[in-house]
Amino acid sequence: RVPAGGTKAGIIASHASAGQFVTSRAHAHNSRAPASARPAYNRAMHAQMRTLLAIATAYALTGWISLQILVPSGYVAPVYPPAGIALGALILYGWRMWPAILVGAAVTNAVATGYAGGEPGFAVFVSASGATLQALFGAWLARRMLHFPDPLDTPRSIARLLFVVAPVSSLVNA
């Protein structure tokens, strides 16, 4: 409420100059404002960015570890944990996590191309896109077959995930 004779802008300016923090939407971007005064969507966006970064990092690190156990060197890894990380991330956190998978796969493929003595280029993007599509298809299939977000609490649902969803989704990037 604005007192008689005062303007809203004048009151905001006087409070701000007195060291009091203004929590209106127009001034919520003020870096001096306490965290509780910042909009909730700002905190949610930062939390989502941290999740994206964590997934991309986990994908890239496990991809690098998988490159260390190639049999024979330069061919194929006997197990590839990043595919499981990608599928799990999309099942647990939803479709909006696909950029993290794309970035993690691109980093992993760039490193693999460098190990092979090649020049990272368009093939890195194509391979990373395939890995992302594989995870997206696997998440779609899991939601359809397993009725996520229901828990994996029966032997039948676990068997479907391990013996249908995971192998069938990996055919996308084969």
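The values are calculated or read from the model by the stated rules, or taken from the named source; none is laboratory data. Nothing here was measured: the structure is a model prediction, and the numbers come from that model. Quick reminder, even Gly has a Cβ in these numbers, built from the backbone with ideal geometry, and neighbours come from all protein chains shown. The protein model used for the area step is the full one, side chains on, heavy atoms only, and it has no ligands, DNA or RNA in it. Shrake-Rupley method; radii C 1.70, N 1.55, O 1.52, S 1.80 Å.
Things to note:
- Each of HIS46, LEU136, VAL124 was placed along the dipole of region 39-174 (beta-carbon charges, centred on the mean Cα), and the one lying farthest toward the positive end is HIS46.
- Among 157-168, 43-54, the order from most to least packed when residues are scored by Cβ within 10 Å on average: 157-168, 43-54
- Probe 1.4 Å, accessible area per residue of region 101-170, Å²: 57 Å²
- Placing unit charges on the Cβ atoms only, positive for Lys and Arg and negative for Asp and Glu, gives region 78-171 a dipole magnitude near 260 debye about its Cα centre.
- Protein heavy-atom surface of region 73-161, 1.4 angstrom probe: 68% of the accessible area is carbon and sulfur, with nucleic acids and ligands not counted.
- Estimated inter-spin distance, VAL111 and HIS46, nm [label 7 Å along Cα→Cβ]: 2.9 nm
- Overall form of region 42-174 per C-alpha gyration tensor (a/c, 1.5; a/b vs b/c): oblate
- Our estimate of slack between ILE65 and ARG144, defined as 0.36 nm per intervening residue step minus the Cα-Cα distance, is 25.3 nm.
- Protection proxy ranking of 91-99, 137-145 - average other beta-carbon atoms within 10 Å, highest first: 137-145, 91-99
- In this simple spin-label model, placing a label point 7 Å from the Cα along the Cα-to-Cβ direction at both LEU53 and LEU152 gives a separation of 2.9 nm.
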